[in-house]
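Worksheet for the structure shown next.
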Amino acid sequence: MANDVLLALFDDLDPVPDAMRKLRQMGLPDDRVTVMSSVPYQSQILARPRARDRMPRVALLGAILGLVTSVSLLAAAFLLYPVVQGGQPIVPVPPSLIITIEVTLLGTMWTIFFGFFVVNRLPAFGQPVYDRSITLGKIGVVVRPDEAQALEAEKALREAGAGDLQRLSGDEGAGNRAWIRFVLGVAGVLVVGAGASLLFAYGVIRIPFPSQMVDQDSVGYVQGPRLSVPAEAIPVQGPVLLADQPALAPVPATANSLQRGAVLYTIDCAVCHGVHGTGDGTLSSFFNPPPADLTSQDVQQLPDADIFLAITQGRGDMLKLAENLSPSQRWDVVNYVRSLQK
């Protein structure tokens, strides 16, 4: 009897405030009365106290926790492992602001997520008190009186004009049993998850997958395998070689061509052949035989077409530069090589 719940249904809004006042006069606390409606009426219209929304406070608490966490992590990371570089402060401000904002938002979102369950006392088990007619427009008033107040509350609701009054019995034991099953279920999931993690941690269950990039299959920029170009394919700009000879006419050795060739030579050739073409580039010690001396008589006596072919197809340890330089750019490099002097 102490767990009885009264559900009163009203056809319209007018008698509901009167019912609220009668229940309050008989000493029934406001937290034991719930009004349900398909229309979101304001609490003042229903003579109800203003509802307290706790979620803004929960969000503020989450933001503070996230802010404190982010500042603590940043201070610990940069102060324990200081990196002094480029005259920058030990705690760099711009990236720290980004991390602080992200962690603050993350703390706010997680706190709101879990706070929603706490504030609304979820999960809730059992059959909720409800009637389908509330969806169709009626207003329901749910009262949870003490045993001594049950008859008086029922009388007050009828006097206020309740069209239908139902008395439903609660069952605390069933709610407790549902909570026990819920807690046991969560504990079971945690135990199974922990057990599965241990199986993976100790190698009982192994799933082969690469954890380092060095263990993964990869193809370098100038490495194979590559799909070969069809024999009948011709570049959009026209063929570069015909019968192993340049298909395009040489570019005249003008001042502009020499200037372009000098820039391209510095980018693509100087690292091996040296800035002045004498074969003493930065990487020259890694080659055997060393890169050719472009200022030597042997190279300078070669026809322009042979130098063009060496740039296009490579020669010995020299890589192909066909992907780096267009045909006209190769002729610019040829013109620049011709200008090199001992």
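The values are calculated or read from the model by the stated rules, or taken from the named source; none is laboratory data. Source: prediction; values computed, not measured. All Cβ positions, even for glycine, are placed from backbone atoms using ideal geometry, and neighbour counts span all protein chains on display. With ligands, DNA and RNA removed, areas are computed over all heavy atoms of the protein, side chains included. Shrake-Rupley method; radii C 1.70, N 1.55, O 1.52, S 1.80 Å.
So the values come out like this:
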read-out: Residues that are hydroxyl-bearing (S, T, Y) and surrounded by 15 or more Cβ atoms within 10 Å (Cβ to Cβ), drawn from the stretch 267-317; value: T278, S284, T295, T312
read-out: Condition met for F117 (in the same structural domain as P17 (by TED's automatic domain parsing), surrounded by 10 or more Cβ atoms within 10 Å (Cβ to Cβ) and of a type in the set (F, W, Y)); value: yes
read-out: Qualifying residue in the stretch 209-217 (condition: outside the structural domain of P123 (by TED's automatic domain parsing) and at pLDDT 70 or above); value: yes
read-out: Lone unmet requirement of (1) over 24 Å from S133 (Cβ atoms); (2) free of Cβ contacts under 8 Å to residues at least 60 places away in the same chain for A47; value: (1)
read-out: Residues of the stretch 242-276 that turn out to be touching a Pro at 6+ places or on another chain (Cβ under 9 Å) and outside any loop (DSSP other than H, G, I, E, B), as a count; value: 3
read-out: Selection status of I112, open to solvent by 30 Å² or more (accessible area, probe 1.4 Å), within 28 Å of R52 (Cα to Cα), aliphatic (A, V, I, L, M) and within 40 Å of the chain's Cα centre (by Cα); value: yes
read-out: Top-ranked residue of the stretch 76-86 - restricted to ones that are loosely packed, with under 13 Cβ neighbours inside 10 Å and assigned to a helix (DSSP H, G or I), ranked as nearest to the chain's Cα centre (by Cα); value: A76
read-out: Matching option when the condition is modelled with pLDDT under 90 and within 21 Å of the chain's Cα centre (by Cα), among P89, P123, P94, P128; value: P94
read-out: Residue list for the stretch 291-325, restricted to those being more than 14 Å from D268 (Cβ to Cβ) and of a type in the set (D, E, K, R); value: D293, D298, D304, D306, R315, D317
read-out: Residue match in the stretch 40-60 (condition: of a type outside the set (G, A, S), in the same structural domain as T100 (by TED's automatic domain parsing), open to solvent by less than 40 Å² (accessible area, probe 1.4 Å) and at pLDDT 90 or above); value: yes
read-out: Some residue of the stretch 64-75 being farther than 30 Å from V16 by Cβ, in contact (Cβ under 8 Å) with a residue 12 or more places away in the chain and loosely packed, with under 12 Cβ neighbours inside 10 Å; value: no
read-out: Residue under evaluation A148, criteria (1) open to solvent by 60 Å² or more (accessible area, probe 1.4 Å); (2) modelled with pLDDT of 90 or more, criterion not met; value: (2)
read-out: Residues located in the stretch 162-202, provided they are at pLDDT below 85 and more than 30 Å from F10 (Cβ to Cβ); value: G173, N176, R177, A178, W179
read-out: G261 being within 17 Å of I311 (Cα to Cα) and open to solvent by less than 70 Å² (accessible area, probe 1.4 Å); value: yes
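To keep it simple, each residue is scored yes or no on (1) closer than 13 Å to M20 by Cα; (2) open to solvent by 30 Å² or more (accessible area, probe 1.4 Å); (3) in the same structural domain as V33 (by TED's automatic domain parsing).
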site	(1), (2), (3)
D131	no, yes, yes
T135	no, yes, yes
K138	no, yes, yes
V143	yes, no, yes
A153	yes, no, yes
E159	yes, yes, yes
